[in-house]
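Since the structure comes first, as structure tokens, the remarks are kept for the end.
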Amino acid sequence: MALPDCFDPEETGRLLARLAALRPESTPLWGKLDAAQMLAHCCIPYEQIDGTRGAGPLLARLAGRYVFKGAVVSEKPYRHNLPSPKSFLIADTREFQKEFERLTAFIRSTHGRGAAAFEGRAHITFGPLSAREWSNLLWKHLDHHLRQFGV
């Protein structure tokens, strides 16, 4: 079954509505992040797209490209408590509203570019991806963490 297309404006609206249901005091159903940390964590893929965050060490990039790429861009959902790469860990305290606004802006901007802007575009770790793979990567990550917080 195909995942929703995050480049579809209606699907972007659904993701943003789910995100708007999150509250600073929301507690996770699994995992260690609080709501503000989760929002900051979800900004990382968008920071990589915009070039404001690097890919991590060479070994991690090679493992990503040759070992984990299929799992990340496939249609299979992430399992609960899946460990994050070190470059995706958020351990410090974050401000909920600031992270909410950053993530919302990233989603609107990135998803609003449309699928054509991502067809064949190289991912910092996984190399060239199709627009469908980009959509799977972005949608699946957001969905995983929204489900983590019950929204």
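Quick one: what are the phi-derived ³J(HN,Hα) couplings along region 134-139, Karplus 6.51/-1.76/1.60 with θ = phi - 60°, whole Hz, x for glycine and proline?
4, 4, 4, 4, 5, 5
Using r as the Cβ-Cβ distance of Ala21 and Ile124, and R0 as 25 Å, what FRET efficiency do you calculate, to the nearest 0.05?
Plugging the Cβ-Cβ distance into 1/(1 + (r/R0)^6) gives 0.25.
For Tyr78 and Leu29 in one chain, what is 0.36 nm times their gap in residues minus the Cα-Cα distance, to one decimal in nm?
16.2 nm
Starting from 0.36 nm per residue, how many nanometres of slack lie between Thr104 and Ala71 once their C-alpha separation is accounted for?
Difference between extended and current length: 9.4 nm.
Where Lys and Arg each count +1 and Asp and Glu each count -1, what net charge lies around Gly150 among other residues with Cβ under 11 Å from its Cβ?
Here the charged neighbours net out to +3.
Out of residues 5 or more away from His123 or on other chains, whose amide H comes under 5 Å of its own, with H placed 1.01 Å from N in the peptide plane?
Leu129
Bear in mind these aren't lab numbers, they're just calculated from the coordinates by the rules spelled out. Keep in mind that this is a model prediction, so the values were computed, not measured. A quick note on method: Cβ atoms are made from the backbone with ideal geometry, for glycine too, and the neighbour counts reach across all protein chains shown.
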